[in-house]
1. Residue 129: closer than 17 Å to residue 26 by Cβ, outside the structural domain of residue 26 (by TED's automatic domain parsing) and crowded, with 22+ Cβ neighbours inside 10 Å, yes or no?
2. Consider residue 235 carefully, then state whether it is in contact (Cβ under 8 Å) with a residue 60 or more places away in the chain, surrounded by fewer than 20 Cβ atoms within 10 Å (Cβ to Cβ) and not in a loop (DSSP other than H, G, I, E, B).
3. I'd like to verify a number: residues in the stretch 5-20 that are touching a helix residue (DSSP H, G or I) at 6+ places or on another chain (Cβ under 9 Å) and farther than 20 Å from residue 144 by Cα, how many?
4. Return a yes/no flag: does the stretch 141-160 have any residue that is assigned by TED's automatic domain parsing to the domain that holds residue 236, surrounded by fewer than 15 Cβ atoms within 10 Å (Cβ to Cβ) and at pLDDT 95 or above.
5. Select from the stretch 1-27 the residues that are in a helix (DSSP H, G or I), within 16 Å of residue 65 (Cα to Cα) and within 20 Å of the chain's Cα centre (by Cα) and list them in ascending order.
6. Name the helices (runs of 4 or more DSSP H) wholly inside the stretch 85-196 in which the number of residues that are within 20 Å of residue 22 (Cα to Cα) and touching a strand residue (DSSP E or B) at 6+ places or on another chain (Cβ under 6 Å) is 1 or more.
């Protein structure tokens, strides 16, 4: 039997960290290839699968190897309450780019323009997967596959196409950018092939993305309220797109 810690060491540099039971659960549901998974309590992890994820229980039983707590703690920066961790193969960039460029596109692409907060980026990816968006793109320096983003996204990176691109590399489609100076979003029907762009909470849209936008839209907001959380803005916009 292969030592899971040796396998982890050989795989870690090129793999995606799946931190926690629910992250591993979602990754498996959406076809991630997982070469190694560990836990400090295999029986507890499988009991959790029986309760919350019987659809992946068999796969988890085949994957999970029990290790002691010091070994587990050495693999993750911040131990998860479920004491489960795994490594997955990252989807190929080529496959994600093909998905983002697919025509006709039946659901929007979400663009986070120069985001700063890793947790917010993860929450947006989780939202995008829940709404069935085609994908999430980040511009700027934030890596959307950073372990903190994957943890915040609960492993749902594998349910939608997630890539970092430059503004000129964005997929085709009308760009609807959220901006306080835009038209009220309630008066606009968002098409399925839309590219929905969101600036950072602190600085808003970059000049480059703003110049690329075909439409500027604003969310309804009470006067004197500064802004919504980024994930909240994305949720409101995707709900508006999905509404009949």
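1. Yes; evaluated as a whole, the condition is true for this residue.
2. yes
3. 1
4. Narrowing the stretch 141-160 to residues assigned by TED's automatic domain parsing to the domain that holds residue 236: 141-160.
Adding the requirement that they be surrounded by fewer than 15 Cβ atoms within 10 Å (Cβ to Cβ) leaves 141, 143.
With at pLDDT 95 or above added as a condition, the list becomes 141, 143.
Scanning the stretch 141-160 turns up at least one residue that is assigned by TED's automatic domain parsing to the domain that holds residue 236, surrounded by fewer than 15 Cβ atoms within 10 Å (Cβ to Cβ) and at pLDDT 95 or above.
5. Matches in the stretch 1-27: 21, 24, 25.
6. 118-131, 147-152
The values are calculated or read from the model by the stated rules, or taken from the named source; none is laboratory data. None of these values were measured; they are calculated from a predicted model. Cβ sites come from the backbone with ideal geometry, for glycine too, and all protein chains shown count toward neighbours.
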